[in-house]
1. Please work out which residue is modelled with the highest pLDDT, limiting yourself to the stretch 74-106 and to residues that are of a type in the set (Gly, Ala, Ser) and closer than 20 Å to Glu51 by Cβ.
2. Considering only the stretch 89-107, how many residues are open to solvent by less than 80 Å² (accessible area, probe 1.4 Å), of a type outside the set (A, V, I, L, M) and under 25 Å from the mean Cα position of the chain (by Cα)?
3. In the stretch 156-181, what residues are at pLDDT 90 or above and aliphatic (A, V, I, L, M)?
4. So which pairs qualify, if the first residue must be in the stretch 155-169 and open to solvent by 70 Å² or more (accessible area, probe 1.4 Å), the second must be of a type outside the set (Gly, Ala, Ser) and part of a helix (DSSP H, G or I), the Cβ gap must be under 9 Å, and the two must be at least 6 apart or on different chains?
5. So, of the residues in the stretch 65-86 that are open to solvent by less than 20 Å² (accessible area, probe 1.4 Å) and of a type in the set (A, V, I, L, M, F, W, C), which turns out to be nearest to Tyr106 (Cα to Cα)?
Amino acid sequence: MAAKQTYPKTKSPTRRGRGFASMSGLIQNRVKTAGEKRGFAVMRLLTHWAEIVGDDLSKMATPVKIGYSRDGFGAVLTVLTTGPNAPLVQMQLPQIRERVNACYGYSAISRVAITQTAPVGFHDGRVMFEDTPEEVKPPVSEEVKRASAAMTDGVENEGLKAALETLSQNYLSRKGASKGN
């Protein structure tokens, strides 16, 4: 009677040769792990915050962490806001709690706390909820346009010519503005 021969288990196939992978698939586990360290078991709260609490409130406050008590009943959601927005967010705490619990599907959050700095340090406490508005440039004068066109007259490559004209217009506009001041 021959003994049964066992073979070593093979490793799972590597990703080689299967093409590109989507970025969400590559970082999904890392984002989930980072969120779970902060108490976010349902990542939907972080990724869809504006849809859950509304656009106006999401511009004033963002979720930072969820802390669970020792007995496990009810959690505390900590939201980060700026000083001037804190009273406005304070008035809407019941609505925040209701909407977040609706996201979870049960009464997971018993209280919402407000902080004006991140709990991990001053560096992370910088709050930027809105994009900074783009600087509005004054219109370029016709004199500056003619001068920049004259400077780039001998350039044959259209892309390079356009870039050089923009550069010279920016330089000449700034130079003219500094003379006036």
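1. In this case the residue turns out to be Ala102.
2. 4
3. The answer is Leu160, Ala162, Ala163, Leu164, Leu167.
4. Between residues of the stretch 155-169 that are open to solvent by 70 Å² or more (accessible area, probe 1.4 Å) and residues that are of a type outside the set (Gly, Ala, Ser) and part of a helix (DSSP H, G or I), there is no close pair.
5. Out of the qualifying residues, it is Ala75.
The values are calculated or read from the model by the stated rules, or taken from the named source; none is laboratory data. Being a predicted model, the structure only gives us computed values, none of them experimental. Note that each Cβ is placed from the backbone with ideal geometry, even for glycine, and that neighbours are counted across all protein chains shown. In case anyone asks, the SASA skips ligands and DNA or RNA and just uses the protein heavy atoms, side chains included. Shrake-Rupley method; radii C 1.70, N 1.55, O 1.52, S 1.80 Å.
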